[in-house]
Amino acid sequence: MITPLPPPAPPSAACRVCRAREANLLLSTQGRTYWRCPVCRATLLDADQLPPVTEERLHYRQHRNDPADPRYRRFLAKLTEPLRQRLAPGSRGLDYGCGPGPALAAMMREAGCLVTLYDPFFYPDPAALQQTYDFITCTEVIEHFHQPAEEFARLDAMLRPGGWLALMTCFQTDDERFAAWHYRRDPTHVVFYKAETLHFIASQRGWRCEIPVKDVALMHKTPVACAFP
């Protein structure tokens, strides 16, 4: 009698967040396959299933983020309030991935900051990416990154020493709830971060990561050391 061979192990995929060489299969659900990085603990949609740009554009046009909506402003205040406490008056920032209704930029301008807008679909100004800033905000943006490691390298290059990168995204918690999680079901959400993932991203670049409230991370880029004679 010939004993049947066991099924082959599923292939591994590289982590697009920390560039670890191998990620492990987490689960497949509703036609989508997700990988877990054993190093940074990010969860990633399979690279072959990333949504096309045309699909993303149509989905983003459905967003209704009114800068005058008090409920939306309260939601954004989870990030803007702790960030403002860490900034000098007149700080210059970039709202990266601001979307069609840049409410956060309006709130930071009201606080006395100078804010530039950039969004690949709604404010595609390449000049904004050639400057440096005291702070950069990404609210509900990093979960859309197809190539997170490249995006974080770009943000690092634009952030001045001593500057702040302010991130807002729903932190992933229980794997048991991942398949039914509303955040996963958004077709444009392709990478999911645990709090420890964001700490790891910061440590890779020598930044300090603070989590003042759930779903918000403030990353402080190391200031340039003063040279004394």
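Every number in this text was worked out from the coordinates using simple rules, so none of it is lab data. This structure is a prediction, so every number in the text was calculated from the model and none was measured. FYI the Cβ positions are ideal-geometry reconstructions off the backbone, even for glycines, and counts take in every protein chain you see.
Descriptive notes on the structure:
- Rounded to whole numbers, the Karplus 3J(HN,Hα) couplings from phi for the stretch 47-59 are 4, 6, 10, 4, x, x, 4, 4, 5, 4, 4, 4, 5 Hz, using 6.51 cos²θ - 1.76 cosθ + 1.60 with θ = phi - 60°, and x at Gly and Pro.
- Gyration tensor (alpha-carbon) shape descriptor, the stretch 148-219, a/c threshold 1.5: prolate
- Close amide-amide hydrogen proximity is noted between Val39 and no other residue 5 or more places distant or on a separate chain, at a cut-off under 5 Å (H modeled in the peptide plane; Pro and chain starts excluded).
- For the chain, the share of alpha carbon pairs falling in successive 5 Å distance bins from zero is 1, 6, 13, 17, 19, 16, 12, 7, 3, 2, 1, 1, 1, 0, 0, 0, 0 percent.
- Each Lys and Arg Cβ is given +1 and each Asp and Glu Cβ -1; about its Cα centre, the chain then shows a dipole of about 400 debye.
- Distant-in-sequence amide contacts of Tyr133, defined by a placed amide H-H separation under 5 Å and a gap of 5 or more residues or a different chain, comprise Leu159, Arg160.
- Net lengthening on full extension, Thr173/Ser28 (0.36 nm per residue, minus Cα-Cα): 50.4 nm
- Of the residues Thr43, Gly31, His59, the one whose Cα sits farthest toward the positive end of the charge dipole of the stretch 19-62, with +1 on the Cβ of Lys and Arg and -1 on the Cβ of Asp and Glu, is Thr43.
- Positive-end residue of Pro89, Trp181, Cys113, charge dipole of the chain with Cβ unit charges: Pro89
- Here the chain carries DSSP beta bridges of which approximately 60% are antiparallel, counting only pairs with both residues inside.
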